[in-house]
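Here, each number is a calculation from the coordinates, and none is a lab measurement. Since this is a predicted model, take the numbers as computed values, not measurements. Here Cβ is always computed from backbone atoms with ideal geometry, including for glycine, and neighbour counts include all displayed protein chains.
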Amino acid sequence: MLKLNGLKLLHFKNSQDAQTVDIPLPKTVKIPMQQHMGAPCTPTVKVGDQVRVGQLIGDSDQPFSVPVHCSVSGTVTALEDYVTSGGLPAKRVVVETDGLQTPVECSPHTVTNQAELVEAARNAGLAGLGGAGFPTHIKLGYKDVDRLDTLVINAAECEPYITSDYREMMEYPDDIIEGIQAVMKCLNIGRAYIGIEDNKPAAIALLNQKAAGTSIRVEALRSIYPQGAEKVIIYNTTGRIVEEGELPADKGVVVMNVTTVANLSRYLRTGMPLTHKRVTVDGNFVEKPMNVRVPIGTSVEDLLNFAGIDRERVKKALMGGPMMGLAMENLDTPIIKNNNAIVLFDEAEAEAPHTTACIRCGRCIDVCPMNLMPANLEKAFDAGDKEELERLKVGLCINCGSCTYVCPAKRNLAQKHQLAKAMLRRKK
Amino acid sequence: MNSYIVSPSPHIRSGRTTRRIMLDVIIALCPALIASIVIFGWRALLVAAVCVGSCILIEYLCRLVMKKEQTIGDLSAVVTGLLLAMNLPASVPLWVAMIGCFFAIAVVKQLFGGIGQNFANPAIAARVLLLMSFSGYMTNFSTPQSYLGVDTVASATPLVQLANGGDVPTLLQMFLGVKASCAVGEVSAAALLLGGIYLVIRRVIKPITPLVFIATVFLLSGALGMDPVKQILSGGLMLGAIFMATDYTTSPSTNWGKVVFALGCGLITVLIRKYGSYPEGVSYAILLMNILTPQLDKLFVHKPLGGKKVEKHA
């Protein structure tokens, strides 16, 4: 079998043994209506409304969207306009907490077929929690259900620093197994793989033990970045190549993040939708790395206060890991469903390095997991050559950042690819 | 409110820089440089120092005149200077060496846009220019002074001797470089190999190019009735295969491209050595393949994972 290209990174999994701790209830939370890929939600509450934990506060009539639930109990004090970290305008619901955390009434759900599973996933407010935020109910609602034969659970967690999925595996292995079994039953899928990078031997051993006697297999994957990229993990667990323009389901595969599937099983057991998220707080100068469970909508500011971060040292604050995370301009940003880490850098790591001329060393070409040719793509983009960009398949770039990482001339190759994609979209 | 640095991902970078790569090449050339000083004396070091100094100065002046960002810090001019020195006889007049440096840096490198833009390896192009313009100086291999108390030969390169059927050094001598007359850097295959191994370990070069190049010369010269071991140990083959054919800018960027490039280099080298009027063909071979590199790069493109063929536009 062909070996995909990739990178050996330093892992910095400093927080792997940090048990999840709960943050004290913040005074206010700001819950965005856009925490997923797809249409934003419209608030279903008004200013002055009393809300409870798990109550629906935002929904959309668009199928490609995910409802939003309240993470606290309290009073709605504002409906604000804001711009998401991805640059989209949306609303957010500001709730002042009452400290009681009164839950909505909820009850367990039993699911036996695809329709019930899809409804449950939607009502649970689930979007891909690994980072992409793809609506889970869309994924599970693939129309040609007979084609599906394999479930791949993405537990690679290949980004440096982040251990929130690892803590999920160590703390809630039974939820994971039960969630997998529910999906397998409803979609009539015979086989499931849990793909874990081999730098997490304890999680591999624990899940192996929990999966004994089931048709779930734990796959220890090489710790090669980006092992957790969807097409990469599908290939490395099933040997199947998802082709251009295809969904994984077209190749018979459903991929779910490990924390997503655990949350699905918690919803089925309790009826309580997704309201909290575990976030790793770490960085190159952070003395006490943590895994913190926060109500969705908690500001990064509150989280860093709780984690005892020396704010003066922070020069760059990332939502997500250092390879694909988003640099935040300020810390007022709320934590959303698909956040799994806040990574902080001081001046030693924060400044982007000086860019020099390409020396055609070919390292970017050697490292691209999609087998693209980043140096050539950059040249084509700089020349505005759309035909060449299409021929070289810039659309297949997954923005994993490996090319930029290895470049000795410190060129922003991955960024150029994203700009090139935007340029091609404008043409159409 | 505090504001933080915002930049596109990824937010971490590998420690490797252009400067570090060039430094590794310089380190890798040191054994060969030391060997040449031992064999040829301080004159070899003088040639190297003049070439390095001239290349740095010329690059500095070029960038200054062109009002471009200064690039001497990336050490690539040092590498070019060292490589050119390696390609010159120890007895070369210094002004000839300086003309070579000017051609390499100003004409071949900077006029085409500087590092990463040159169509040919500057040191190779300069050697070929000097060989054509000053063939007398360039083939006058002075008597190596014996610093080891060993007899030395005073004549043309072993390749010329091979061609003339004259007395040639033994294989071991050719390998270690105790006894040879040739350009500064070609003196010791062992020292060049040592540098090559360092570059491979440091992942600066891939072994594929030198291996295919040398193997092609070995097999083809054997097939044509030449002594294959002597062919690979003599002349500029080791220097060319390890340090010049592996130049990033002027060789293809994919592995298959590199294989064909190295095959071509080996083929042309042997054909020139066997049938050409020059005894040595490594420089010409590499120069010709440098020129073919854009075509090879077009020929050998990667097939993206799961990529579908694009319909040809009319």
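Using Cβ counts within 10 Å as a stand-in for footprinting exposure, how do A:THR110, A:THR259, A:THR298 rank, fewest first? Provide the component values of the computation, followed by the final result.
Details: A:THR110 8, A:THR259 31, A:THR298 28.
Ranked by crowding around the Cβ, least crowded first: A:THR110, A:THR298, A:THR259.
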Checklist entry - Hey, what number do you get for chain A at 222 nm if only DSSP H runs of n ≥ 4 count, each worth -39500 (n - 2.57), divided across all residues, to the nearest 500? => result -8000 deg cm²/dmol
Checklist outcome for this item: So A:ASP98 and A:ALA78, fully extended at 0.36 nm per residue minus their Cα-Cα distance, gain in nm 5.7 nm
Checklist outcome for this item: Looks like the stretch B:205-299, by Cα gyration tensor root eigenvalues a ≥ b ≥ c and the a/c under 1.5 rounded cutoff (else prolate when a/b is bigger than b/c, oblate otherwise), is prolate
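Restricting to the stretch A:114-270, compute how many DSSP beta bridges are antiparallel as a %, nearest 5. Don't skip to the end; give the middle numbers.
On the way: 1 of 18 bridges.
If I count the DSSP bridges inside the stretch A:114-270, around 5 percent turn out antiparallel.
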Checklist entry - Where the centroid of each part is defined by its Cα atoms, how far is the stretch A:227-262 from the stretch B:1-69 in Å? => result 44 Å
Checklist outcome for this item: GNM of chain B, Cα pairs under 10 angstrom: of B:LEU61, B:LEU33, B:LEU271, the biggest fluctuation goes to B:LEU61
Next on the checklist: Given points 7 Å out from each Cα along the Cα-Cβ axis, report the A:HIS354 to A:ILE241 separation in nanometres with one decimal.
Outcome noted: 4.2 nm
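Just to confirm a number: summing +1 for Lys and Arg and -1 for Asp and Glu over residues other than B:VAL47 whose beta-carbon lies under 15 angstrom from that of B:VAL47, what do you get?
So the environment of B:VAL47 carries a net charge of +1.
Rounded, prolate or oblate: which fits the stretch A:114-270 when a ≥ b ≥ c are the square roots of the eigenvalues of the alpha-carbon gyration tensor, with rounded for a/c under 1.5 and prolate only if a/b beats b/c? Intermediate results must be reported in sequence, preceding the final value.
Details: a/c = 1.43, a/b = 1.16, b/c = 1.24.
It is rounded, given that a/c, with a ≥ b ≥ c, falls under 1.5.
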Checklist entry - If pairing requires two Cys Cβ atoms under 4.7 Å apart, which cysteines of chain A are left without a partner? => result A:CYS41, A:CYS70, A:CYS106, A:CYS158, A:CYS186, A:CYS358, A:CYS361, A:CYS368, A:CYS397, A:CYS400, A:CYS407
Next on the checklist: As I understand it, the dipole of chain B uses +1 on the Cβ of Lys and Arg and -1 on the Cβ of Asp and Glu, about the Cα centre. Which of B:VAL187, B:GLY114, B:ILE26 lies farthest toward its positive end?
Outcome noted: B:GLY114
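Exposed loop sites here are GluC sites (Glu not before Pro) in DSSP loop states with at most 13 other C-beta atoms within 10 Å. What is the longest stretch of chain B lacking them? Can you show the working numbers first?
On the way: sites that count: B:GLU69, B:GLU311.
Here the longest segment lacking exposed loop sites spans B:70-310.
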Checklist outcome for this item: Non-local residues with an amide H under 5 Å from the amide H of A:GLY130, with H modelled 1.01 Å from N and Pro and chain starts lacking one, are A:ASN257
Checklist outcome for this item: Counting only DSSP beta bridges with both partners in chain A, the antiparallel fraction in percent, to the nearest 5, comes to 60 percent
Item to check | Restricting the stretch B:203-268 to trypsin sites (Lys or Arg not before Pro) in coil, as DSSP defines it, with at most 13 other Cβ within 10 Å | outcome: B:ARG203
Next on the checklist: As an exercise, use a Förster radius of 56 Å and the Cβ-Cβ distance of A:GLU119 and B:LYS308 to find the FRET efficiency, rounded to the nearest 0.05.
Outcome noted: 0.95
Item to check | Förster radius 60 Å - calculated FRET efficiency between A:GLU105 and B:GLN117, Cβ distance, rounded to 0.05 | outcome: 0.30
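Tell me the relative contact order for the stretch B:205-299 as a rounded percent, counting alpha carbon contacts under 8 Å between residues six or more apart. Kindly include the intermediate steps, with their values, before the conclusion.
Values: 122 pairs, mean separation 31.2, N = 95.
33 percent.
Around B:MET86, what is the net charge, scoring Lys/Arg as +1 and Asp/Glu as -1 over all other residues with Cβ under 13 Å from its Cβ?
0
Exceeding 21 Å between C-alpha atoms, which entries from my cross-link table qualify? They are A:LYS139/A:LYS416; A:LYS386/B:LYS308; A:LYS410/B:LYS298; A:LYS379/B:LYS303; A:LYS3/A:LYS251; A:LYS143/A:LYS185.
Details: A:LYS139/A:LYS416 30 Å; A:LYS386/B:LYS308 17 Å; A:LYS410/B:LYS298 25 Å; A:LYS379/B:LYS303 18 Å; A:LYS3/A:LYS251 19 Å; A:LYS143/A:LYS185 16 Å.
Among A:LYS139/A:LYS416; A:LYS386/B:LYS308; A:LYS410/B:LYS298; A:LYS379/B:LYS303; A:LYS3/A:LYS251; A:LYS143/A:LYS185, the Cα-Cα distance tops 21 Å for A:LYS139/A:LYS416; A:LYS410/B:LYS298.
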Item to check | Within straight-line cross-link reach of A:LYS46, aspartates and glutamates at Cα separation under 18 Å, skipping those fewer than 8 residues along the same chain | outcome: A:ASP59, A:GLU80, A:ASP81, A:GLU96, A:ASP98
Checklist outcome for this item: Largest fluctuation, B:CYS101, B:CYS265, B:CYS62 only, Gaussian network model of chain B with Cα springs under 10 angstrom, belongs to B:CYS62
Next on the checklist: Which lysines, if any, have their Cα less than 16 Å from the Cα of A:LYS288, not counting same-chain residues under 8 positions apart?
Outcome noted: A:LYS13
Next on the checklist: So for chain B, averaging the separation of alpha carbon pairs under 8 Å that are six or more residues apart and normalising by length, what relative contact order in percent results?
Outcome noted: 17 percent
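Please arrange A:LYS210, A:LYS231 by how many other C-beta atoms lie within 10 Å of their C-beta, fewest to most.
Working: A:LYS210 18, A:LYS231 23.
Placing the least packed residue first, the sequence is A:LYS210, A:LYS231.
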Checklist entry - Relative contact order of the stretch A:363-427: what whole-number percent is it, with Cα pairs under 8 angstrom and at least 6 residues apart? => result 36 percent
Checklist outcome for this item: The answer for B:ARG13, listing residues at least 5 apart or on another chain whose modeled amide H is closer than 5 Å to its amide H, is none
Checklist entry - In straight Cα distance, which aspartates and glutamates are under 17 Å from A:LYS393, not counting same-chain residues fewer than 8 positions off? => result A:GLU243, A:GLU244, A:GLU246, A:ASP366, A:GLU378, A:ASP382, A:ASP385, B:ASP297, B:GLU311
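Would you list A:SER402, B:SER135, A:SER65 from fewest to most Cβ contacts within 10 Å? Present the calculation step by step, with values, prior to reporting the outcome.
Working: A:SER402 30, B:SER135 11, A:SER65 24.
Least to most surrounded, the residues fall as B:SER135, A:SER65, A:SER402.
As a test, work out the antiparallel percent of DSSP beta bridges whose residues both lie in the protein assembly as shown, rounded to the nearest 5. Intermediate values should be presented prior to the final figure.
Details: 37 of 63 bridges.
In the protein assembly as shown, DSSP labels about 60 percent of beta bridges as antiparallel.
As a check on your grasp of the helix formula, calculate [θ] at 222 nm for chain B: sum -39500 (n - 2.57) over DSSP H runs of n ≥ 4, divide by the residue count, round to the nearest 500. Spell out each step's value before the answer.
Values: 13 runs with 171 residues, N = 314.
Per the formula, -17500 deg cm²/dmol.
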Next on the checklist: Modelling each spin label as a point 7 Å along the Cα-to-Cβ direction, I'd like the A:PHE285/A:ASP198 distance in nm, to one decimal.
Outcome noted: 3.7 nm
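Just to be sure I follow: if Rg is taken over the C-alpha atoms of the protein assembly as shown and Rh is the Kirkwood radius over the same atoms, what is Rg/Rh? Display every interim value, and only then the final one.
On the way: Rg = 31.6 Å, Rh = 29.0 Å.
Ratio of gyration radius to Kirkwood radius: 1.09.
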Item to check | Selection from A:CYS368, A:LEU424, A:PRO408, by position along the positive dipole direction of the stretch A:363-427 (Cβ) | outcome: A:LEU424
Item to check | Net charge of neighbours whose Cβ lies under 15 Å from the Cβ of A:MET1, counting Lys and Arg as +1 and Asp and Glu as -1 | outcome: +3
Checklist outcome for this item: In terms of the alpha carbon gyration tensor, root eigenvalues a ≥ b ≥ c, rounded if a/c is under 1.5 and otherwise prolate when a/b exceeds b/c or oblate, the stretch A:238-365 is oblate
Checklist outcome for this item: Expressed in angstrom and rounded, the centroid-to-centroid distance over alpha carbons for the stretch A:273-330 and the stretch A:160-176 is 17 Å
